[in-house]
Amino acid sequence: MQRRRLGNSGVVVSDICMGTMTFGTQCDEKTSHAICNRAWDAGIDFFDAAELYPVPPSAELCGVTEEILGRWIKHQPRDSVIVATKVVGPGHGWFSSPVRRGKSMLDRRQIFDACEASLKRLDTDYIDLYQTHWPDHGMPYEEVLGTLTELRDAGKVRVIGCSNETCWGVMKSLWAADVHAFDRYQTVQNNFSLINRRCESELAQVCRRENVSLLPYSPLGGGVLTGKYQDGPPSGARFTSYLLHGNERQKLMAERFVNERTVETARRLGEIADSIGTTVTAMSVAWSRQHDFVASTIIGATSLEQLDESLAAGDMILEDETLTRIDQVDVAIPNPMTEDGLRRL
């Protein structure tokens, strides 16, 4: 496991991060803690949560993931674990957040209240990385960043970041921070995988030029890159549930990830992985880690077996020939994931 700095901050993390959005739904507490232990033993010291988790989000379960993670953290020296979580922004009509009765936003009052609630659920005095979960482009960045800076000044937050943010939003936030002497976003957590390579264009340039670290989530394309959708939606999979029983938003999300182009991309990548003696899972995580603007790639798991497949990428370096073959798949099937949701902001 390698270690990388988050932006210009003093926080250094393992280059694989353990995502926790399954904790409380697909994983009970015993399984969740076993996953954390296995990740910890493999050298992962970076754990990412959110007040909205677990998924799919519901008013009854929101915050349960932070509680489960918080109870695990108690068994580790606190300063050895890097804990990230998020405050929910507005749903932009894409979904109605169950947090704060569907009226979540990024004003000063809600950010303060959300942070205090997360600290309580995590049972900790501070959050290492506090992120806005969705941006609110109708809200002045000065208010958002000013509030987050107050939290950092109070010692409740060490570093701030954003998630699901556009290139314009990242640059606007950095401008506002520089002009008003607020803390800068040091990280941006966006969807990035071999079926969604959009971050390699404009956002990559922003990250490199401004030294903002990308924290890719869903490096396995929501499970599509594991190959489990090759013969149709498998029983028990999240997108299978969305396609069969989900609301309109969930069905649209599933169709973005699972379609003829993404499934064919996964098949071709599977052939490349087989030829180099590994799995598409490990190859996908390794591919993400090898980008210079990526600080840590967020993996998820519902079992120890799934986690072990991703951990196989821990010391894997893909050779130039393999990277070229991967790029050829992208040229043949460009942007197989129909969109990444950011155009709705």
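Values in this text are rule-based calculations from the coordinates and carry no lab data. Keep in mind that what you see is a predicted model, and the values were worked out from it rather than measured. Don't worry about glycine lacking a Cβ; one is built from the backbone with ideal geometry, like all the others, and counts go over all protein chains shown.
Couple of notes before you dig in:
- Tallying residues that are over 30 Å from Ile44 (Cα atoms) and assigned to a loop (DSSP other than H, G, I, E, B) within segment 98-131 yields 6.
- Residues (among the charged types (D, E, K, R) and assigned to a loop (DSSP other than H, G, I, E, B)) located in segment 270-311: Asp292
- A residue that is aliphatic (A, V, I, L, M), in a loop (DSSP other than H, G, I, E, B) and more than 19 Å from the chain's Cα centre (by Cα) occurs nowhere in segment 81-90.
- Matching option when the condition is in contact with a Phe, Trp or Tyr (Cβ under 9 Å, 6 or more places away or on another chain) and over 18 Å from Asp340 (Cα atoms), among Arg249, Arg208, Arg268: Arg208
- Filtered by the rule that a residue be without any contact (Cβ under 8 Å) to a residue 60 or more places away in the chain and either in contact with a helix residue (DSSP H, G or I) (Cβ under 8 Å, 6 or more places away or on another chain) or assigned to a helix (DSSP H, G or I) (or both), segment 171-185 gives Met171, Lys172, Ser173, Leu174, Trp175, Ala176, Ala177, Asp178, Val179, His180, Phe182, Asp183.
- Any hit, segment 13-26, residues being without any contact (Cβ under 8 Å) to a residue 40 or more places away in the chain and either among the acidic types (Asp, Glu) or farther than 30 Å from Ser104 by Cα (or both): no
- Within the span defined as segment 312-322, every residue fails to be crowded, with 23+ Cβ neighbours inside 10 Å, assigned to a helix (DSSP H, G or I) and under 22 Å from the mean Cα position of the chain (by Cα).
- Subset of segment 149-167 (residues that are in contact with a helix residue (DSSP H, G or I) (Cβ under 9 Å, 6 or more places away or on another chain) and either in a strand (DSSP E or B) or closer than 19 Å to Met139 by Cβ (or both)): Thr149, Glu150, Leu151, Val157, Arg158, Val159, Ile160, Cys162, Asn164, Glu165, Thr166, Cys167
- Hey, Val188 β-branched (Val, Ile, Thr) and over 21 Å from Pro90 (Cβ atoms) or not: no
- Among residues of segment 325-344 that are within 15 Å of Cys167 (Cα to Cα), those with a beta-carbon under 6 Å from a residue that is not in a helix (DSSP H, G or I) at least six positions away or on a different chain give the pairs Asp340/Asn191; Asp340/Asn196; Leu342/Thr166; Arg344/His92; Arg344/Trp94.
- Subset of segment 52-79 (residues that are in contact (Cβ under 8 Å) with a residue 40 or more places away in the chain, crowded, with 24+ Cβ neighbours inside 10 Å and in a loop (DSSP other than H, G, I, E, B)): Leu52
- Residues of segment 120-144 that turn out to be surrounded by 17 or more Cβ atoms within 10 Å (Cβ to Cβ), out of contact with any helix residue (DSSP H, G or I) (no Cβ under 9 Å at 6 or more places or on another chain) and aliphatic (A, V, I, L, M), as a count: 1
- Flag for Asp308 being acidic (Asp, Glu), touching a helix residue (DSSP H, G or I) at 6+ places or on another chain (Cβ under 8 Å) and closer than 28 Å to Glu29 by Cα: yes
- Summed over segment 219-237, residues that are buried (at least 21 other Cβ atoms within 10 Å of the Cβ) and either of a type in the set (Phe, Trp, Tyr) or out of contact with any strand residue (DSSP E or B) (no Cβ under 7 Å at 6 or more places or on another chain) (or both) total 5.
- Those residues of segment 132-148 which are in a loop (DSSP other than H, G, I, E, B) and not charged (D, E, K, R), in sequence order: His133, Trp134, Pro135, His137, Gly138, Met139, Pro140
- Filtered residues of segment 297-324 (kept if among the β-branched types (Val, Ile, Thr) and either in contact (Cβ under 8 Å) with a residue 60 or more places away in the chain or in contact with a Gly (Cβ under 6 Å, 6 or more places away or on another chain) (or both)): Thr297, Ile298, Ile299, Thr302
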